[in-house]
Every structure is written in structure tokens, then in C-alpha cells.
1. For region 44-61, what are the residues that are of a type in the set (Val, Ile, Thr) and more than 19 Å from residue 79 (Cα to Cα)?
2. I need the full set of residues from region 193-228 which are of a type in the set (Asp, Glu) and either under 11 Å from the mean Cα position of the chain (by Cα) or modelled with pLDDT under 90 (or both), in order please.
3. Just checking, how many residues over region 244-257 are in contact with a Leu (Cβ under 9 Å, 6 or more places away or on another chain) and not β-branched (Val, Ile, Thr)?
4. Could you pull out the residue among 234, 181, 259 that is of a type outside the set (Val, Ile, Thr), under 13 Å from residue 156 (Cα atoms) and in contact with a helix residue (DSSP H, G or I) (Cβ under 8 Å, 6 or more places away or on another chain)?
5. Just give me the residues in region 209-232 being buried (at least 24 other Cβ atoms within 10 Å of the Cβ) and acidic (Asp, Glu), in sequence order.
6. Suppose the filter is open to solvent by less than 50 Å² (accessible area, probe 1.4 Å), touching a residue at least 40 places away in the same chain (Cβ under 8 Å) and within 12 Å of the chain's Cα centre (by Cα); does residue 240 pass it?
7. I'm trying to understand the selection: among the residues of region 65-81, which are of a type in the set (A, V, I, L, M, F, W, C), more than 16 Å from residue 43 (Cα to Cα) and assigned to a helix (DSSP H, G or I)?
8. Give me the pairs, please: first residue somewhere in region 184-207 and within 30 Å of residue 259 (Cβ to Cβ) and free of Cβ contacts under 8 Å to residues at least 12 places away in the same chain, second residue anywhere and among the small types (Gly, Ala, Ser) and open to solvent by 20 Å² or more (accessible area, probe 1.4 Å), beta-carbon distance under 8 Å, and either six or more positions apart or on two chains.
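The values are calculated or read from the model by the stated rules, or taken from the named source; none is laboratory data. Remember, predicted model here, so these are calculated numbers, not experimental data. Cβ coordinates were reconstructed from backbone atoms using ideal geometry, including for glycine residues, and neighbour counts include every protein chain displayed. Note: areas computed on protein heavy atoms with side chains; ligands, DNA, RNA excluded. Shrake-Rupley method; radii C 1.70, N 1.55, O 1.52, S 1.80 Å.
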Amino acid sequence: MSDETPQSPARYGLPAQTSVARRIQDAYPSLTAAQRQFAELVRAAPLKVARLSIHEAVAQIGVSVATANRFATALGFAGYAEFKTELIRGFELLFEPYDRFEQGLQDQPGPLGATRHSLARDAEGLHRASAALTAEDLEAAVEMITGAGRIHVAGFDLAAHLGGIFAIGLSMIGCRASVASNGGGSIGAIREIFDFGPGDLVIAIAFPHYYTDTLRIAGFAAEAGIPVLAVTDSLASPLAAIARTSLFVPPAADGELPSSTAILGLLEGLTAAVAKRRPDATETGRRFAEAAYPWMTAGRKSWPHRD
């Protein structure tokens, strides 16, 4: 079946953080059956809807032009034209960070300039993360972690790797922290937390363009009464709406998304804050070092001499 059919979603689904996606979510319960059918087309193939006329768009699923117009007004737009303009603008915002990144590289004089530019942006991101911290939110986050029997760090794609480093750091100071096993995906995350309860904790990491798997795991946890701590970019994040407490790494003033360096910096800072509250943190690290010593290469002088 061609990907041009309504039954087969386009390559790019509607980003969850766009205005249209949020309006659809809010208005969905009050939409008619035909309007919901059009909403699903927009969700599945937004780029396709954006490039088609209203007549061509409704022909994809066999609803009327009036349905599309009523759908637009149900979302709070003046009409279909305004809806379509906002739909297109959402995708401009989606790709804008990559356009800025490309332009930033072109503006630098060679590899050294590009590297220094990247490091400078990382430093700015770390400063924003530090400035965004409040004593109240950090205290709440530390209490959630130190009081948890078990901790699962949820994140996918790049956030999965950052979450893995974070989970190792927490384990090194005595917390029972885990991530989904390699290849487990969202099912692996559910396998880790399906028997969690109010005494455990899910720490969810998500930044634009907020992966739906992370939001679903966080939602599952919240509905099950499992506390959720979010690490995300702002209060506008859909993850912040689910979590009990959130810590933020804000984007730059020009909209550039936080770098991995800034996100990891916040996570490592949070680990240090937790260690400050755990009197056994350094002793746990020492016990690990003693157990792991046979697998470490500490230098030639550390090993028995062999003839």
C-alpha cells in the first residue's frame, strides 16, 4: 500500500508540542465522528494535509468540506485557512533548530571555530540550567529520589543514553536505579515498572520533540500512583503536566534546544545533591570500587610484577 493513502501514516506525524496538536487534544472529546476522522488524518499526515487544498484533503477520507471547516472552528480557529497556516507554522518550528544549527556551522571559520562555538553554546546551556533551578524544586526532587525504594529512569533515543549515565550515577551512591534493557523499548520500561508503587519513582527525561513513548510511560506511572519526576525544558512541556515535580534545562533565547551537555550537567548535579543527603553515598562508591578492582587497569605499578 502506498504511503499516500489515509490508512498509512505519513513519515512525519504531528509533533505533540505544536499548537494544532494541543488544540486537537483539548477539543477531541467534543468533536463529531466525522470531525474526529479528519483530526486523525491531521495527526497521521500533517505535512500532506498542509500541502493539499481543503477539497483534496477531505477527499482523502470521504468527509465534507463543511466538516473540515467545522473542525477548524472547533479548534478555535477563525476558519480552515487560519488552521492550515498554523499547521504549516508548527512544522517551521519543528525544523527551525536544525536550520539554526546549519547556519551556525556555516558562520564558523573551520573546524576549530565550529568546536569552540559548540562549547560556548554548551556553557551557556549549563548556565541557563543552573539559573532555572529553584531550591524548592530541587529539594522536592532530592526527597523523591532519596525516599524511593526503586527508581526507573525513562527516556528514549538520546534521552535513553543520558538516562543510562544518570542511572549509573545514582547506583554508585546507593540508589536502586534502572533503565529499560537494550532493545526493550517502551515494553521494556513497562516491564521494569509494572509492579512499582507509591514508594518507588519514575524519572522521565524528555525534550522537544517529546517522544510519545516517554509521555506514555510517565502517564502510566502517574495513573498507577507512582510518583513521576520530570527533567524537561519548560512548564509548557507535556511531560511537566504529568509529573509531580519538574527540573528544567531551558532552551536558548533564540529557541535553540538544550544541548546534551547541559542536560547531563543537570542530571549529574542532581546526583551530587542526592549524594549530599545520603550518608552512605561515598561508602557505597568505595565498596563498588573494591568489587570492581579486578576489572580495572589502574596502571603498571598497581599490578604484581611478573617475570
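1. The one that is of a type in the set (Val, Ile, Thr) and more than 19 Å from residue 79 (Cα to Cα): 61.
2. Residue satisfying the conditions is 213 alone.
3. 6
4. 181
5. none
6. no
7. Selection gives 65, 66, 81.
8. Note: pairs meeting the criteria are 188/180; 188/181.
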